[in-house]
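A short worksheet on the structure shown next.
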Amino acid sequence: MCLYEEGRKILFSGDHILFDITPNITRWPEFEDSLRNYLASLEKTHRLEVDLVLPGHRNIMKDHRNRIRQLQEHHKQRLHEVLQAVNAGEKTAWDVAPKISWDLVTPSWETFPAVQKWFAIGETIAHLKYLEQHGKIACRRKDDRIVYSLKGSLENGGRHHA
């Protein structure tokens, strides 16, 4: 949630727009497509006349439009990475997440702290769901797992909503 003081052109952006880290966009069961909702909300926020942004964490900033463009580009790149991972064959979210360029500097996926893996998996699922909703990938249950592949590459064409 953001609060906007129109008269003073102040945006209290909470976690919606952060300036030196990216907000974690995760999969929420109550939203069909969390990433689509987030990107649409960024577009609405972009239209506001803002002189000062007060985020929920870290630095105060002024140029929200530039940061929104950066966030949009970040997610465009992340979607590309997810597609590349799934292009290599049927994968679970757990298989895809290590293929993403995360900002956390660690030698390998195995050394990621557990809480960061939790955030990474949630964000990976949100990006997978976005691609599924946009007809780029398909999702199905295979044994006890949910797997993703490029659209049309699943034998039974089944879809599962994670």
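The values are calculated or read from the model by the stated rules, or taken from the named source; none is laboratory data. Since the model is a prediction, treat every value here as computed from it, not as a measurement. Note that we place each Cβ from the backbone using ideal geometry, even for glycine, and neighbour counts take in every protein chain shown.
Condition check ((1) of a type outside the set (S, T, N, Q); (2) in a helix (DSSP H, G or I); (3) closer than 26 Å to L150 by Cα) across all residues:
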| position | (1), (2), (3) |
| --- | --- |
| N24 | no, no, yes |
| Y38 | yes, yes, yes |
| S101 | no, no, yes |
| L104 | yes, no, no |
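To keep it simple, each residue is scored yes or no on (1) assigned to a helix (DSSP H, G or I); (2) without any contact (Cβ under 8 Å) to a residue 12 or more places away in the chain; (3) among the small types (G, A, S).
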residue: K44; (1), (2), (3): yes, yes, no
residue: I68; (1), (2), (3): yes, no, no
residue: H80; (1), (2), (3): yes, yes, no
residue: L83; (1), (2), (3): yes, no, no
residue: A120; (1), (2), (3): yes, no, yes
residue: Y148; (1), (2), (3): no, no, no
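Considering the stretch 87-113, the residues that are modelled with pLDDT under 95 and of a type in the set (V, I, T) include one that is surrounded by the fewest Cβ atoms within 10 Å (Cβ to Cβ), namely V105.
Applying a threshold of 6 Å to beta carbon distances and a minimum spacing of six or more residues, or different chains, the list of pairs starting in the stretch 124-139 at a residue that is within 15 Å of N24 (Cα to Cα) and modelled with pLDDT of 95 or more and ending at one that is charged (D, E, K, R) and outside any loop (DSSP other than H, G, I, E, B) reads H127/R78; Y130/R36.
Within the stretch 29-44, not a single residue is in contact with a Lys or Arg (Cβ under 8 Å, 6 or more places away or on another chain) and farther than 24 Å from A138 by Cα. Of all positions in the stretch 121-144, none carries a residue that is exposed (fewer than 12 other Cβ atoms within 10 Å of the Cβ) and touching a helix residue (DSSP H, G or I) at 6+ places or on another chain (Cβ under 7 Å).
For the stretch 2-12, does any single residue satisfy the condition of being touching a Cys at 6+ places or on another chain (Cβ under 8 Å) and surrounded by 13 or more Cβ atoms within 10 Å (Cβ to Cβ)? Yes.
Evaluated against (1) acidic (D, E); (2) modelled with pLDDT under 95; (3) under 20 Å from I21 (Cα atoms); (4) surrounded by 13 or more Cβ atoms within 10 Å (Cβ to Cβ), E81 falls short on exactly one condition, (2).
Taking the numbered list (1) modelled with pLDDT of 95 or more; (2) farther than 30 Å from K142 by Cα in turn, R58 passes all entries but (1).
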